[in-house]
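**Student:** What follows is a structure written as structure tokens; I'll ask about it next.
The values are calculated or read from the model by the stated rules, or taken from the named source; none is laboratory data. Predicted model, so just to flag it, every value in this text is computed and none were measured. When we count neighbours, we look across all protein chains shown, and the Cβ atoms used for this are built from the backbone with ideal geometry, even at glycine.
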Amino acid sequence: MSINVIQRSQRKMSGAGRLVALDAARGLAVVGMYLQHFALNETNASIVSGNTTLLFVLCGGISYSIMAKRMMERNKEEAAEEKSFRTRMLARALFIDIVGYLLIMLNTPFGVILPAYAGLFVLALLLVRCSTRVLTITAAALLIISPPLMLLGGSYLSGAFLLRDIAGGPMSALALAPAFVAGMALGRIDLTKLRTALVLIGSGAILLAVSKLLEAFVLPELSRSFEEWLVSVQGTAYTPPDPYAIWPFNVDPPLWHMLFWTAPHSASTFQTMLGLGAALLALGLICLVSRLSTFVLQPFAAVGRVALTMYAAQFVVIWGLQLAGIEPGLGGIPFGDLLVAAVTLLTGWLIARLRNGPLEALMRRFDQAFYNSRQKPTEVIRA
């Protein structure tokens, strides 16, 4: 590798080995969530609803894979270091789960994905040493098998909170697993290369186009036929389950008709394809821009570096506004979405001026309490 190539790769990084493009993509996802929660309108709804969650999870899978790869490259012959990595990921999963349940306790009108995200951190340990090919095949397989399994889980695991977070419905770890595992596969390749950016753009555009064509010309009739078949099998009469009956006679039947939905957060194969296509396209474009200049990406990268803090903050703000009797919606105001995006970027930039975001710093202290690192403080792997 020439010196110029090495220097060019280093310019794509910031801090202790952070990819500007990856941080910017994660930051874009967080900005999209703020738009969805504070300034949703007819113009941005089809762009941000559901798609931002999958982009956020995809970036999480990439970061997870990069952390695992760095650990293995630095300590190829030390089994203790792999154990430390696994311990650290379990600790982070616990921390994220606690934060998620605290946010759920606020009872805002929006779903919280952090418990499912924590579940992905645990489940992904089974795939850490798999090859890129195996990860790609697993992601494709999950795209097909996750929707029916998560619908089964949404019914039969509805009374078990931890299991429900893992495999119970559209906001579970299983529902988000295709995007996370796809991100783990992408974390094995060099995101600073031009070829990678073009492949991401091309594959994302194809996946998005195929999903849109299916949504327009195939799924309406297929969904109608499937629902008619369901009615012929199950009937139209609904009998509420007895909450005092033993399991599994105390649960509602699975919502099989959701298998062909494309609505945001439905987590069907087709909705995940659509959102994953948009996520890959956005990531590819960001990687392409980062090759030309990282300056324009810095505001989004700043938000991405403190993504956990920014993600949690939106629910606290919504909760505070609702306590004050204020509706947190600027979507009907002219340029309200641009105002929300600007405030989000400014807030993220201000928080990122700290050494670490508040929740990011707490998470690192939390996971470090669970293992004795043999590395110097400056050599700790950064997420």
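**Student:** Tell me the residue from 294, 272 that is under 23 Å from residue 146 (Cβ atoms) and hydroxyl-bearing (Ser, Thr, Tyr), please.
**Tutor:** 272
**Student:** A further question follows. Assuming residue 347 fulfils every condition listed in (1) surrounded by fewer than 18 Cβ atoms within 10 Å (Cβ to Cβ); (2) polar (S, T, N, Q); (3) under 22 Å from the mean Cα position of the chain (by Cα) apart from one, which condition is it?
**Tutor:** With respect to (1) surrounded by fewer than 18 Cβ atoms within 10 Å (Cβ to Cβ); (2) polar (S, T, N, Q); (3) under 22 Å from the mean Cα position of the chain (by Cα), residue 347 is out only on (1).
**Student:** Check the range 169-178 and report whether any residue there is of a type in the set (A, V, I, L, M), within 21 Å of the chain's Cα centre (by Cα), closer than 13 Å to residue 280 by Cα and not in a loop (DSSP other than H, G, I, E, B).
**Tutor:** Among the residues of the range 169-178, not one is of a type in the set (A, V, I, L, M), within 21 Å of the chain's Cα centre (by Cα), closer than 13 Å to residue 280 by Cα and not in a loop (DSSP other than H, G, I, E, B), which makes the answer no.
**Student:** Next up: Hey, among the residues in the range 311-339 that are surrounded by 17 or more Cβ atoms within 10 Å (Cβ to Cβ) and over 21 Å from the mean Cα position of the chain (by Cα), which one's nearest to residue 112 (Cα to Cα)?
**Tutor:** 328
**Student:** On the given criteria, is residue 31 in contact with a strand residue (DSSP E or B) (Cβ under 6 Å, 6 or more places away or on another chain) and either of a type in the set (A, V, I, L, M) or more than 23 Å from residue 321 (Cα to Cα) (or both)?
**Tutor:** Against the criterion (in contact with a strand residue (DSSP E or B) (Cβ under 6 Å, 6 or more places away or on another chain) and either of a type in the set (A, V, I, L, M) or more than 23 Å from residue 321 (Cα to Cα) (or both)), residue 31 does not qualify.
**Student:** Within the range 258-288, restricting attention to residues that are free of Cβ contacts under 8 Å to residues at least 60 places away in the same chain and not in a loop (DSSP other than H, G, I, E, B), which residue is farthest from the chain's Cα centre (by Cα)?
**Tutor:** Within the range 258-288, the match that is farthest from the chain's Cα centre (by Cα) is 260.
**Student:** For the condition out of contact with any Asp or Glu (no Cβ under 8 Å at 6 or more places or on another chain), surrounded by fewer than 21 Cβ atoms within 10 Å (Cβ to Cβ) and modelled with pLDDT of 95 or more, what is the one hit in 137, 113?
**Tutor:** The unique qualifying residue is 137.
**Student:** Something else about it: Return yes or no: is residue 143 at pLDDT 95 or above, in a helix (DSSP H, G or I), among the hydrophobic types (A, V, I, L, M, F, W, C) and buried (at least 17 other Cβ atoms within 10 Å of the Cβ)?
**Tutor:** So residue 143 passes the test.
**Student:** Please specify each residue of the range 146-163 satisfying the condition of being buried (at least 21 other Cβ atoms within 10 Å of the Cβ) and either within 30 Å of residue 244 (Cβ to Cβ) or hydroxyl-bearing (Ser, Thr, Tyr) (or both).
**Tutor:** 146, 150, 151, 153, 154, 157
Every residue, every condition in (1) at pLDDT 95 or above; (2) more than 19 Å from residue 56 (Cα to Cα); (3) of a type outside the set (S, T, N, Q), yes or no:
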| position | (1), (2), (3) |
| --- | --- |
| 109 | no, yes, yes |
| 158 | no, yes, no |
| 165 | no, no, yes |
| 173 | yes, no, yes |
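**Student:** Restricting the search to the range 178-213, which residues are free of Cβ contacts under 8 Å to residues at least 60 places away in the same chain, over 19 Å from residue 139 (Cβ atoms) and of a type in the set (Val, Ile, Thr)?
**Tutor:** none
**Student:** Residues being in contact (Cβ under 8 Å) with a residue 24 or more places away in the chain and over 21 Å from residue 86 (Cβ atoms): count how many of those fall in the range 357-370.
**Tutor:** 3
**Student:** Pick from 204, 183: which is of a type outside the set (A, V, I, L, M), within 15 Å of residue 59 (Cβ to Cβ), assigned to a helix (DSSP H, G or I) and out of contact with any Phe, Trp or Tyr (no Cβ under 9 Å at 6 or more places or on another chain)?
**Tutor:** 204
**Student:** Residue under question is residue 132, and the condition is that it be polar (S, T, N, Q) and loosely packed, with under 15 Cβ neighbours inside 10 Å; does it hold?
**Tutor:** It is true that residue 132 is polar (S, T, N, Q) and loosely packed, with under 15 Cβ neighbours inside 10 Å.
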